[in-house]
1. Of the residues that make up the stretch 18-27, is at least one within 16 Å of ligand 1 (Cβ to nearest atom), of a type in the set (D, E, K, R) and within 25 Å of Gln200 (Cβ to Cβ)?
2. Considering only the stretch 37-52, state which residues are assigned to a loop (DSSP other than H, G, I, E, B) and touching a helix residue (DSSP H, G or I) at 6+ places or on another chain (Cβ under 8 Å).
3. Does at least one position in the stretch 134-142 carry a residue that is modelled with pLDDT under 90 and in contact with a helix residue (DSSP H, G or I) (Cβ under 9 Å, 6 or more places away or on another chain)?
4. Restricting attention to the stretch 149-176, and to residues there that are surrounded by fewer than 19 Cβ atoms within 10 Å (Cβ to Cβ) and of a type outside the set (Gly, Ala, Ser), which single residue is modelled with the highest pLDDT?
5. Just need a number here: residues in the stretch 237-253 that are more than 19 Å from the chain's Cα centre (by Cα), under 26 Å from Ile45 (Cα atoms) and in a loop (DSSP other than H, G, I, E, B).
6. In the stretch 196-226, which residues are of a type in the set (S, T, N, Q) and under 15 Å from Val236 (Cβ atoms)?
7. Filter the stretch 41-74 for residues that are crowded, with 18+ Cβ neighbours inside 10 Å and away from ligand 1 (no atom under 16 Å from the Cβ) and give the result.
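The values are calculated or read from the model by the stated rules, or taken from the named source; none is laboratory data. Remember, predicted model here, so these are calculated numbers, not experimental data. Glycine gets a Cβ as well: all are built from the backbone with ideal geometry, and neighbour counts include every protein chain shown.
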Amino acid sequence: MTPAVEFTDVHFAFDDHVVLRGISFSVPPGSMSILLGASGGGKSIILKLILGLFRPDSGTITVRGQRVDTMRERELLQLRADIGMVFQEMALFDSLTVAQNVGYRLFEESDMPVEQADARVAEILGFVGLGEYGERMPTELSGGQRRRVALARAMASNPSLLLLDDTTTGLDPLIANTVNDEIVKLRDLEGVTSLFVTHQIRDAHYIATHRAERVDGAVRIVEAGDTSAAGVRFLVLHEGQIHFEGSASALLGSADPYLKEYLYKTLPPW
Ligand SMILES: Nc1ncnc2c1ncn2[C@@H]1O[C@H](COP(=O)(O)OP(=O)(O)OP(=O)(O)O)[C@@H](O)[C@H]1O
Ligand SMILES: [Mg+2]
């Protein structure tokens, strides 16, 4: 199967500030990968390289088998149309309503009939629990609600690949979990491939240990028990390299000194 995303020996620097020192990894289609690593390590750069917003100094990057590191701007625009991205900065358009934000691509960048776009926006807002909020302005929402709007916007055009940058940082644990639940639903019910950058080990662990199921038409989030059950893969970026790649249980059980220290400092004592 062609990987959804594949990096092969990618190097990237801003002038003499080296960020990536030859990284290779792949994201299988239909999978969820969680990318962890220290602040300033290059996680957001990796997502921006996937979108072709930056170009690597060497190495190759493919999305669904297509080379993005050498792709022309026009093809990149087409490629990005099928990628949902929640940027870390999460810029919503403050002068547009929630519904206009969520449907932006559908209204502005597709030839979808307006009624159909409206219906999709209503559906997706319901999906993130904001069905009643379409006519509000972003400034009239809480931080967690704004994040859910950003997620809804990324999902609205049914992208096959979702890139999430620090979607839950700064949220209280209950609101973070409502966002996590949406991510779990997308993975398990919609089969979306995702690459999720986070600092929140707690959220990463929650996503790796829960799954969504549909029972009598209603969606439930249940504990998967075994940490490998959801099939989530972890990648840890450290000193410009992929320092670890594996399951949640392999990560938690690792004897690697850097990982032990990193997890010790970020995990509650569980
Ligand atoms: N536009 C830019 N110009 C110059 N340096 C940059 C630019 N963007 C990022 N950097 C630098 O590249 C490095 C990697 O940045 P990046 O944003 O990928 O980090 P990150 O892993 O996402 O960190 P965080 O967890 O804090 O979001 C950092 O040292 C940062 O200062
Ligand atoms: Mg970042």
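1. Initially, the stretch 18-27 is screened for residues within 16 Å of ligand 1 (Cβ to nearest atom), giving 18-23, 25.
Remaining after also requiring of a type in the set (D, E, K, R): 21.
Okay, now just the ones that are also within 25 Å of Gln200 (Cβ to Cβ), so none.
No, the stretch 18-27 contains no residue that is within 16 Å of ligand 1 (Cβ to nearest atom), of a type in the set (D, E, K, R) and within 25 Å of Gln200 (Cβ to Cβ).
2. We begin by selecting, within the stretch 37-52, every residue assigned to a loop (DSSP other than H, G, I, E, B); these are 38-42, 51-52.
Within the stretch 37-52, Ala38, Leu51, Gly52 meet the criteria.
3. Filtering the stretch 134-142 down to residues modelled with pLDDT under 90 leaves 142.
From what is left, the residues that are in contact with a helix residue (DSSP H, G or I) (Cβ under 9 Å, 6 or more places away or on another chain) are 142.
Scanning the stretch 134-142 turns up at least one residue that is modelled with pLDDT under 90 and in contact with a helix residue (DSSP H, G or I) (Cβ under 9 Å, 6 or more places away or on another chain).
4. Just the residues of the stretch 149-176 that are surrounded by fewer than 19 Cβ atoms within 10 Å (Cβ to Cβ), to begin with: 158, 160, 169-170, 172-175.
In the following step, the residues that additionally are of a type outside the set (Gly, Ala, Ser) were identified as 158, 169, 172-175.
On the way: Asn158: 86, Thr169: 75, Asp172: 76, Pro173: 79, Leu174: 78, Ile175: 75.
Across the stretch 149-176, the extreme among qualifying residues is Asn158.
5. Within the stretch 237-253, residues that are more than 19 Å from the chain's Cα centre (by Cα), under 26 Å from Ile45 (Cα atoms) and in a loop (DSSP other than H, G, I, E, B) number 2.
6. At the first step, the residues of the stretch 196-226 found to be of a type in the set (S, T, N, Q) are 198, 200, 209.
Matches in the stretch 196-226: Thr198, Gln200.
7. Once the filter is applied, which keeps residues that are crowded, with 18+ Cβ neighbours inside 10 Å and away from ligand 1 (no atom under 16 Å from the Cβ), the stretch 41-74 yields Thr62, Val63, Val68, Asp69, Met71.
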